[in-house]
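Below is one structure, written out as structure tokens, with a few remarks after it.
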């Protein structure tokens, strides 16, 4: 049982670390703008996000906050809630715009597995109010 908990903690922390690494890479290496894409549709989407002026900071801030929350067991459910929309966008971006089906599938599957593991914390959302 102890090794299972270590495995779950490792999966949660690795997921959180990715969502800390990715936005920091965008900030440091690309100056807060999305990295260049090779597929025209993906490039157009990334450019549209860049041009809004507020989406990239919002996405980066949410990913950093959610990733940091996943590093701790107590705040992991909050991290999953914050990262949910980003995971959906990442998956759809790769499924529909870049054609990278495997890469687009890794994140939602991992996310759903972690969410299932935290299901007791989310059960309160569906409990009737008395």
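Given the condition surrounded by 13 or more Cβ atoms within 10 Å (Cβ to Cβ), closer than 19 Å to residue 65 by Cβ and at pLDDT 95 or above, answer yes or no: does some residue in the range 1-13 qualify? Yes, there is a match, as at least one residue in the range 1-13 is surrounded by 13 or more Cβ atoms within 10 Å (Cβ to Cβ), closer than 19 Å to residue 65 by Cβ and at pLDDT 95 or above. For the range 49-62, check the following and say yes or no: at least one residue is at pLDDT 95 or above, assigned to a helix (DSSP H, G or I) and under 22 Å from residue 4 (Cα atoms). Looking through the range 49-62, none of the residues is at pLDDT 95 or above, assigned to a helix (DSSP H, G or I) and under 22 Å from residue 4 (Cα atoms). The sole residue among 82, 78, 112 that is within 17 Å of the chain's Cα centre (by Cα), in a helix (DSSP H, G or I), more than 30 Å from residue 37 (Cα to Cα) and modelled with pLDDT of 95 or more is 78.
On the stretch given as the range 20-36, residues that are crowded, with 16+ Cβ neighbours inside 10 Å and either modelled with pLDDT under 85 or over 20 Å from the mean Cα position of the chain (by Cα) (or both) total 1.
The values are calculated or read from the model by the stated rules, or taken from the named source; none is laboratory data. Only a predicted model underlies this, so the values are computations on that prediction, with no experimental measurement involved. Here Cβ is always computed from backbone atoms with ideal geometry, including for glycine, and neighbour counts include all displayed protein chains.
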